[in-house]
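> One structure, pasted below without further comment.
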Amino acid sequence: MHIADFVAGSIGGACGVAVGYPFDTVRIQTQPQFTGLWQCASSTWSNEGVRGFFKGISLPVTTISMTSSVVFGTYRNCLQCLSQVRGGAPGGPNTKPEVFLSGMAAGVAQILVMSPGDMVKVRLQCQTESARGRADMPKYRGPVHCLLRIAREEGVLGLYRGALPLMMRDGPSFATYFLTYNIVCEQMTPAGKEGPGWSGVMLAGGLAGMAGWTLGTPMDVIKARLQMDGGRETRRYRGLVHCVSETVRLEGAGVFFRSLGINWLRAFPVNVVVFVTYESLIGFLRAAPAGAEADRVAFE
């Protein structure tokens, strides 16, 4: 993996987190008192203020460089390996199945790094104490305290609660994500050019994010519920299958898509920022412009 991809992917991912974090939907997914986007947003604002929209953000931003390096590095290396197996020319375009399989591998590979940070994010976001003060202290005082307390009370494996649905979410989602980006970039590339303009990159990134979340939202709901379940005194779910069956029995199958609208609303601008930042930095960090362009095409 080239260092330029690590840096560009890391910064692009961090910028995406900062843009999309206030739109995060775990409260809508896990807490029945929130019936929709606007009710959740107004309640959060009145009870917790601006801080309520950014609770738990420090750890995701801190760890995004590691997560992005795994995603972009795995994706690129898989593309190269699959191209070599096929006998393709180095740096040449990849086939759609190669893009799909490489994206899936990237989504699965990131779980080891991503799961603990995602667990902390969910627990902190769903800790809805009022910003105006209350008599009792919150269970988690911050990301580090939350991380250590989960490890102490639930064991190290407790940090990976929900890792299986997370893997089932991110494998297919990233496969769809990179494939959509690849297809839209091809369609937006003018004749005689090797890649699209910035408007094409923006459109491709935004649509890729929406496509990935369309596939990933149902499993994201299950993942968040399993992660929150470990924070309760009495656990509600015995595992993944039980969580799915109980959720459908009590709330109906529609609950799996209740947060899809806000996921779309968040995914488009976030992934516009991610891909524009990534492509800009790749072009800046590569010593030779031709090498940057060839590398960008290989990524797409």
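Values in this text are rule-based calculations from the coordinates and carry no lab data. Values in this document were obtained by computation on a predicted structure and should not be read as measured data. Quick reminder, even Gly has a Cβ in these numbers, built from the backbone with ideal geometry, and neighbours come from all protein chains shown.
> Which order do peptides 142-148, 186-192 fall in by mean Cβ count within 10 Å, highest first?
The packing order, highest mean first, is 142-148, 186-192.
> How do the peptides 11-20, 153-162, 168-177 rank, highest first, by the average count of neighbouring beta carbon atoms within 10 Å per residue?
168-177, 11-20, 153-162
> Amide H neighbours of Gly88 under 5 Å, counting only residues 5+ apart in sequence or on other chains, H built in-plane at 1.01 Å?
The answer is none.
> Would you mind getting me the FRET efficiency between Ser280 and Glu186? Use the beta-carbon distance for r and R0 = 22 Å, nearest 0.05.
0.60
> Test of understanding: what is the full-extension gain from Arg236 to Ala151, defined as 0.36 nm times their sequence separation minus their Cα-Cα distance?
Fully extending the segment from Arg236 to Ala151 adds 28.6 nm.
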